[in-house]
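J.: Pasting a structure below so you can have a look.
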Ligand SMILES: Cc1cc2nc3c(=O)[nH]c(=O)nc-3n(C[C@H](O)[C@H](O)[C@H](O)COP(=O)(O)O)c2cc1C
């Protein structure tokens, strides 16, 4: 008699991305998850009304930041039915918007939170320019309402120095190209995450799959290894 076949693990990767930063990280992470021991389903939240990137002007960017500070919801299209299947792990990813989860993710919690997260194992992944702590606390609170287990968190910050990082993101959202502005260029080479962060995301995907396949605890993984190290307490 051979050893019994191990049941394939199932992972759902659910995310929103406005300016492709979370999207690129998730693409890399999913590449890292390519393994016969898991099935990975993914879905990118689709706002009903397109969210323009860049937002376009300084006043419209300030207005968006103000509304998002007050946690304005962005209504989203219904999720495909496979999102509501049972999963061994849900990766919930997206950007920080004015210290909070983005409007589409807030809408997701309002409408589908109980069906998606009740009793689930969830690893949040945050993409932000650098100010993720309130977002992380807020997510933990919302997920705990559904008795979800959150063994770990993945945080990617833009690895530029302040104040250039904040100025650069603002200019980019307002429709400028900070990488090409004479006074910004020496301090700001690139908007968003770097290639080495994408490599990291890929290696995180591999680690998650390996750990799940061995039935080990995801809390034991160290996701705080890259250029933008931080204290996640
Ligand atoms: C309306 C708005 C508000 C933002 N507020 C924050 C913030 O409070 N803290 C932060 O670190 N980044 C903030 N950002 C920057 C994004 O989190 C960051 O650029 C992220 O990488 C974008 O990911 P995405 O392309 O997947 O949407 C904000 C971006 C937008 C559009």
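J.: Within the range 3-33, take every residue that is part of a loop (DSSP other than H, G, I, E, B) and out of contact with any helix residue (DSSP H, G or I) (no Cβ under 8 Å at 6 or more places or on another chain) and give me the one that is nearest to the ligand (Cβ to nearest atom).
T.: Top of the filtered list is 18.
J.: Quick check on this structure: which one of 111, 42, 67 is within 27 Å of residue 144 (Cβ to Cβ), more than 20 Å from the chain's Cα centre (by Cα) and not in a loop (DSSP other than H, G, I, E, B)?
T.: Of the residues listed, the single one that is within 27 Å of residue 144 (Cβ to Cβ), more than 20 Å from the chain's Cα centre (by Cα) and not in a loop (DSSP other than H, G, I, E, B) is 67.
J.: What is the residue count in the range 155-169 for residues that are within 13 Å of the ligand (Cβ to nearest atom), out of contact with any helix residue (DSSP H, G or I) (no Cβ under 6 Å at 6 or more places or on another chain) and not in a loop (DSSP other than H, G, I, E, B)?
T.: Number satisfying all stated conditions: 6.
J.: Still on this model: Against the conditions (1) in a helix (DSSP H, G or I); (2) within 21 Å of residue 26 (Cα to Cα); (3) touching a residue at least 60 places away in the same chain (Cβ under 8 Å), where does residue 172 fall short? Just the number, please.
T.: With (1) in a helix (DSSP H, G or I); (2) within 21 Å of residue 26 (Cα to Cα); (3) touching a residue at least 60 places away in the same chain (Cβ under 8 Å) applied to residue 172, the lone miss is (2).
J.: Looking at residue 60, is it near the ligand (Cβ under 10 Å from one of its atoms) and at pLDDT 95 or above?
T.: Numbers: near the ligand (Cβ under 10 Å from one of its atoms): no; at pLDDT 95 or above: yes.
In short, no.
J.: Residues that are modelled with pLDDT of 95 or more, near the ligand (Cβ under 10 Å from one of its atoms) and part of a loop (DSSP other than H, G, I, E, B): does the range 78-101 have at least one?
T.: Yes - at least one qualifying residue is present in the range 78-101.
J.: Across the range 134-179, what is the total count of residues that are surrounded by 14 or more Cβ atoms within 10 Å (Cβ to Cβ) and under 22 Å from residue 191 (Cβ atoms)?
T.: 23
J.: Scanning for something touching a strand residue (DSSP E or B) at 6+ places or on another chain (Cβ under 8 Å) and part of a strand (DSSP E or B), does the range 144-153 turn up at least one residue? Show your work before the answer.
T.: Going residue by residue through the range 144-153, those that are touching a strand residue (DSSP E or B) at 6+ places or on another chain (Cβ under 8 Å) are 148-153.
From what's left, part of a strand (DSSP E or B): 149.
The answer is yes; a qualifying residue exists.
The values are calculated or read from the model by the stated rules, or taken from the named source; none is laboratory data. Here the structure is a predicted model, which is why all the values come from computation and not from measurement. Cβ sites come from the backbone with ideal geometry, for glycine too, and all protein chains shown count toward neighbours.
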